[in-house]
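> Please find one structure pasted underneath; my questions will follow.
The values are calculated or read from the model by the stated rules, or taken from the named source; none is laboratory data. This one's a predicted model, so the numbers in the text were calculated from it and none came from an experiment. Heads up, the Cβs are rebuilt from the backbone with ideal geometry, glycines too, and the neighbour counts pull from every protein chain shown.
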Amino acid sequence: MSPERFEIVRSTDRLAAVGSPWTDLWTRSNALVFQSHAWISAWWASAPDRDRRALAIVLAWRGETLVGVLPLATVRRKGFRVLEWAAKDCSDFGDAVLADRTNAGLVRRMWQQASRDGGFDLAYLNRLLPDAAARVLLAPATGGVRLRLNHRDEANWRVRGPWPTGQAWFDAQSKKTRQNYRRGQKSMGEHGPLTFRLLGPEEPLGPVLDRLTQFKRAWLATHDLPSTAFYDEGSQALPAMVQVLAATGLLHAFVLECGGAVVAVSINFVQAGTMMAFVTTYDPAFERGSPGMVLMMDYIMWSIDRGLHTVDFLCGDEGFKGRFGTQSLTLTSMMGGRTPQGAAAHLVDRTRHAWQRRFGKDGAAEGAPTEAAA
């Protein structure tokens, strides 16, 4: 077997040029859309802060065939150059893409290449599923920048069970949950006929995404939370990512309409028999009727009725996910310093976390070092 040839993609032109072999590899590997060329290209084209970011994507070639991708990028944060997953801000899971998923050695060699190429002070790779190929980089003998488990775990809740139908799942919920669902339907129904449906492929996405953005901004303002790049005025990030889902045939956009007006939206996608809930939001004016909860229960029942074995709420530990989820996975993260500054930041981060664990947040606020990066 011929040895691999490695390449670091740093320019927009080169990213575009490797689209075909990357897409072929992604298709063969059954990797998630978050690691596809289309997804990462859409993120890069729509990122509003490109001036502080740089591509650092590692490709592994065997002859003319692409056999591995480690999709990385750097961002300047608090004076540090942090290496992270490309498209991290709009991706729920991070990982490598491999022709042979069991080829742990190739992941290590790609990481060694990224480490030698440099351009970063601190590496922070997060949202790793338990079976992520990139977890091999936690091994001490990996080579390259030494990565260690970081304390920033995230939850991944899923609905998975033996229900033969959506109605069977509904009947298995608590009496209070069933009553809340019916009460929400009744409350919204007072304003007009209530309809749950999947948008057809011929329907324009623009108006629905506009409504989604309006709802999300209103919700964030109501709860005094900052906006994100997805929902900022004039941002093209969300439309770009949704267009990728549509173009790849994965998109499932659900709406809840009251009297013909959209009151809740869930942008989902389906891969490997799993319904994945990417973005869900609702009209705050209908909050009394819990439109988000009603829509979620509707698409769970829809998914089960169509033979999907899992509904994945993706990353995040929002309360509703734990209430409805039947399975919880822990998404781990890993961190390591490359330069003296990065090593110092990593040490400060670990020390601060150890202090918090021992003395609690109040003690940390009084005497612990402040977090330097990531």
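> Consider Thr274 against the criteria (1) surrounded by fewer than 22 Cβ atoms within 10 Å (Cβ to Cβ); (2) closer than 21 Å to Gln214 by Cβ; (3) in contact with a strand residue (DSSP E or B) (Cβ under 8 Å, 6 or more places away or on another chain); (4) not acidic (Asp, Glu): it satisfies all of them except one. Which criterion is unmet?
(2)
> Of everything in segment 189-210, what is in a helix (DSSP H, G or I) and under 29 Å from Asp232 (Cβ atoms)? Give them in sequence order. Walk me through it before giving the result.
Let us first name the residues in segment 189-210 that are in a helix (DSSP H, G or I), namely 189, 206-210.
Gly206, Pro207, Val208, Leu209, Asp210 - these are the residues of segment 189-210 that are in a helix (DSSP H, G or I) and under 29 Å from Asp232 (Cβ atoms).
> Could I ask something else about it? Considering only segment 41-90, how many residues are assigned to a strand (DSSP E or B) and hydrophobic (A, V, I, L, M, F, W, C)? Working first, answer last.
Looking only at segment 41-90, we keep the residues that are assigned to a strand (DSSP E or B), and these are 53-55, 57-62, 65-70, 72-77, 80-85.
Now drop any that are not hydrophobic (A, V, I, L, M, F, W, C), which leaves 54-55, 57-61, 66-67, 69-70, 72-73, 75, 80, 82-83, 85.
Residues flagged as assigned to a strand (DSSP E or B) and hydrophobic (A, V, I, L, M, F, W, C) within segment 41-90 amount to 18.
> Out of the residues in segment 277-288 meeting the condition of being more than 14 Å from the chain's Cα centre (by Cα) and surrounded by 21 or more Cβ atoms within 10 Å (Cβ to Cβ), tell me which one is farthest from Ala86 (Cα to Cα).
Kept after step one, since they are more than 14 Å from the chain's Cα centre (by Cα), are these residues of segment 277-288: 281-288.
When the remaining residues are screened for being surrounded by 21 or more Cβ atoms within 10 Å (Cβ to Cβ), the result is 281-283, 286.
Values: Thr281: 25, Tyr282: 29, Asp283: 32, Phe286: 37 Å.
My answer is Phe286.
> Pick out the one residue from Leu138, Leu122, Leu147 that is touching a Ser or Thr at 6+ places or on another chain (Cβ under 9 Å), of a type in the set (A, V, I, L, M, F, W, C), under 24 Å from Asp100 (Cα atoms) and touching a residue at least 60 places away in the same chain (Cβ under 8 Å). Walk me through how you get there before you give the answer.
Working: Leu122 fails: under 24 Å from Asp100 (Cα atoms); Leu147 fails: touching a Ser or Thr at 6+ places or on another chain (Cβ under 9 Å).
On inspection, the qualifying residue turns out to be Leu138.
> Filter segment 211-251 down to the residues that are surrounded by fewer than 17 Cβ atoms within 10 Å (Cβ to Cβ), among the polar types (S, T, N, Q) and in a loop (DSSP other than H, G, I, E, B) and list them by number.
Hits for segment 211-251 are Ser227, Thr228, Gln236.
> A further question on this structure: Between Arg183, Arg146, Arg135, Arg178, which is surrounded by 14 or more Cβ atoms within 10 Å (Cβ to Cβ) and closer than 18 Å to Lys321 by Cα? Before you say what the answer is, go through the steps one by one.
Working: Arg183 fails: closer than 18 Å to Lys321 by Cα; Arg146 fails: closer than 18 Å to Lys321 by Cα; Arg135 fails: closer than 18 Å to Lys321 by Cα.
Sole residue among the options that is surrounded by 14 or more Cβ atoms within 10 Å (Cβ to Cβ) and closer than 18 Å to Lys321 by Cα: Arg178.
> Need pairs with beta-carbon distance below 6 Å; first residue more than 13 Å from Arg288 (Cα to Cα) and within segment 178-199, second modelled with pLDDT of 95 or more and charged (D, E, K, R); sequence gap 6+ or separate chains.
Final answer for the pair search is Thr195/Glu257; Phe196/Asp298.
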